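The values are calculated or read from the model by the stated rules, or taken from the named source; none is laboratory data. Treat the numbers as computed from the prediction; the structure is a model and nothing was measured. Cβ coordinates were reconstructed from backbone atoms using ideal geometry, including for glycine residues, and neighbour counts include every protein chain displayed.
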Amino acid sequence: MGIAASELCQHVIRPTLLYLGRHSPTAEALLLGTAACQSALGSALGDPQGHGLYRISEPRHQQLWDRHLAFDPDLASLVRGLASQHAFLAAPHLELTVNLRYATAIAWLLVESERPALPAANDLHGLARVWRRVFHPRGRASDFLQAWQQLVLEHSHAA
């Protein structure tokens with residue numbers, strides 16, 4: 001069983017986006033939908049294709065640091081502040097699995113690095129397009145929509 005969508009949003013996604021100065025309803029919805037689709041909100045964290053809630057691959061993680069964060073020291077410092085002090089140096093990619101706020105920051109910055117046109121927060125088809133472009137180019141929009149329906153909507157109505 002994964003993390004409840006409302007709690008993931010309230011305790012991880014929203015505070016992380018606020019900390020980065022990048023909060024918006026669209027950003028929240030996109031990251032929540034991405035976590036639902038990529039890992040069933042944390043139910044399946046072990047995957048050879050990528051780490052953690054958002055299933056971010058090691059090469060993409062490294063590229064974000066090398067091609068984007070290396071050129072924005074203030075943002076890099078903010079993101080590094082979310083990582084574990086010693087564990088990050090020994091196993092930086094493991095942070096994507098064990099540190100939800102760090103993984104969320106990296107996931108959002110991957111979105112920013114792609115510079116997609118962001119849809120409205122309630123435009124699920126638009127969010128699915130961004131998810132495919134940034135996180136899963138071979139995925140189908142229907143995968144995102146189904147994960148949203150099953151893991152975000154149904155659980156929020158049950159609560």
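Has the range 64-76 got at least one residue that is modelled with pLDDT of 95 or more and under 26 Å from residue 43 (Cβ atoms)?
Yes, the range 64-76 contains at least one residue that is modelled with pLDDT of 95 or more and under 26 Å from residue 43 (Cβ atoms).
What is the residue count in the range 113-125 for residues that are assigned to a helix (DSSP H, G or I), surrounded by fewer than 17 Cβ atoms within 10 Å (Cβ to Cβ) and either at pLDDT below 95 or not hydroxyl-bearing (Ser, Thr, Tyr) (or both)?
Start the filter on the range 113-125 by keeping residues that are assigned to a helix (DSSP H, G or I), which leaves 113-114, 124-125.
So of that shortlist, the ones also surrounded by fewer than 17 Cβ atoms within 10 Å (Cβ to Cβ) come out as 113-114, 125.
Next, from what is left, pick out any that are either at pLDDT below 95 or not hydroxyl-bearing (Ser, Thr, Tyr) (or both): 114, 125.
Selection size over the range 113-125: 2.
Please tell me if residue 128 is of a type outside the set (Lys, Arg), under 20 Å from residue 48 (Cα atoms) and either at pLDDT 95 or above or over 15 Å from the mean Cα position of the chain (by Cα) (or both). Working first, answer last.
Details: of a type outside the set (Lys, Arg): yes; under 20 Å from residue 48 (Cα atoms): no; either at pLDDT 95 or above or over 15 Å from the mean Cα position of the chain (by Cα) (or both): yes.
Against the criterion (of a type outside the set (Lys, Arg), under 20 Å from residue 48 (Cα atoms) and either at pLDDT 95 or above or over 15 Å from the mean Cα position of the chain (by Cα) (or both)), residue 128 does not qualify.
For the range 1-78, which helices (runs of 4 or more DSSP H) that fit wholly inside it have 2 or more residues that are of a type in the set (Lys, Arg)?
58-67
Working only within the range 70-84, note down all residues that are under 29 Å from residue 138 (Cβ atoms) and surrounded by fewer than 19 Cβ atoms within 10 Å (Cβ to Cβ).
Passing the criteria: only 70.
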